[in-house]
Amino acid sequence: MSAPIAEEMERFRKIFKTSIRSDAPLVDMIARYLLKRKGKKMRPMLVLLAASAAGGVTERTHRGAVLVELLHTATLVHDDVVDDADVRRGFPSVNAVWKNKAAVLMGDFLLARGLQLAMEGKDFDFLEIVTDAVRRMSVGELRQIQKARKLDIDEPTYFKIVSDKTASLILTCCEIGALSAGEDATRRAALGEYGEALGVAFQIRDDALDFDGSFKRFGKPIGGDVKEKKITLPLIYALDDADEKEAKRVRKLVKNGKKRGAVSEVVRFTREGKGLRKAEAKAREYGDRAKAALDALPDTPAKTSLRNLVDFALTRDR
């Protein structure tokens, strides 16, 4: 997927490593810990691929890639505090090692550092896109918290939450990449549409893995969303297909998610029904939308990689 931008990704990693360091000992210690957790770096990869597909990678492209990765890392650190999570992709979370106060402040530092870099580069158009994404991500998270209390989430609400919480940042990556390469409005719109659809497909797959993955590969406990009283698309579809009595029983199990056996019973219910299959079909539908959006772009190796990224999002097991 990253072959057309392999050298650019290596350059990004060096710039990101420098940008996240600090002369404050505790900040630098946590930064070095975060750098050890080598993720897929999907978001900066998207910025670089989008720029390459829209005209070419520039200095601004790298600043944009660092900005979105700092923002993404900040949201992960904050999410672990919100979710009271002890593990992130197989590693102890920042809040588990340094407690919540340090984790929240580290997340704030990362976000502020990203905004600072954008200001220094006078990338004010990036800031407009990123601040809207942060707003949407926060609203999406709060909406999910509210729905978790009432357990009344339906399909339209789910897609609104996913669009705000996950797809908004993927869209941001693609728009920033396009902007960094030039002012072509058509290419920017196409890449934005691609990013939105890819983000939704990616999240549906993530939610499916919560019922059908494995801890060894996925890096977090299966049924974790159920334990946190999050009703996601596979469960929504499974509940829709069940009779009223069974649906009521399962909702009660979700409500008592910390009760022994409740989570495993909800996972079993979702696996045995049509929920997973229907959710996977919906993910493919959004994947097709993402690929169709790329038709407005010229044929390049970067465009091919963007198409391949959709297939990866739909089939990944971690």
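Side notes on the structure shown:
- Of the helices (runs of 4 or more DSSP H) entirely within region 1-90, none holds at least 2 residues that are buried (at least 22 other Cβ atoms within 10 Å of the Cβ), in contact with a strand residue (DSSP E or B) (Cβ under 7 Å, 6 or more places away or on another chain) and free of Cβ contacts under 8 Å to residues at least 12 places away in the same chain.
- Annotation note: Cβ proximity below 7 Å between a residue of region 236-261 that is touching a residue at least 60 places away in the same chain (Cβ under 8 Å) and a residue that is outside any loop (DSSP other than H, G, I, E, B) and β-branched (V, I, T) (sequence gap 6+ or interchain) occurs for V254/V226; V254/V266.
- Within region 141-168, the residues that satisfy the criterion of being within 14 Å of the chain's Cα centre (by Cα), of a type outside the set (D, E) and modelled with pLDDT under 95 are K165, T166.
- Filtering region 256-279 for residues that are in contact with a Leu (Cβ under 8 Å, 6 or more places away or on another chain), within 30 Å of A189 (Cα to Cα) and crowded, with 18+ Cβ neighbours inside 10 Å leaves a non-empty set.
- Selected residue (criterion: nearest to K165 (Cα to Cα)) from residues of region 230-273 that are modelled with pLDDT of 90 or more and not in a helix (DSSP H, G or I): T232
- Answer residue from region 147-161, given it is in a helix (DSSP H, G or I) and in contact (Cβ under 8 Å) with a residue 60 or more places away in the chain and is farthest from A290 (Cα to Cα) among those: R149
- Filter result (in contact with a Lys or Arg (Cβ under 6 Å, 6 or more places away or on another chain) and within 30 Å of D240 (Cα to Cα)) within region 265-310: A283, K291, V310
The values are calculated or read from the model by the stated rules, or taken from the named source; none is laboratory data. All figures in this text were calculated on a predicted structure; none of them were measured in a lab. As a convention, Cβ positions derive from the backbone with ideal geometry for all residues, glycine included, and neighbour counts pool all protein chains shown.
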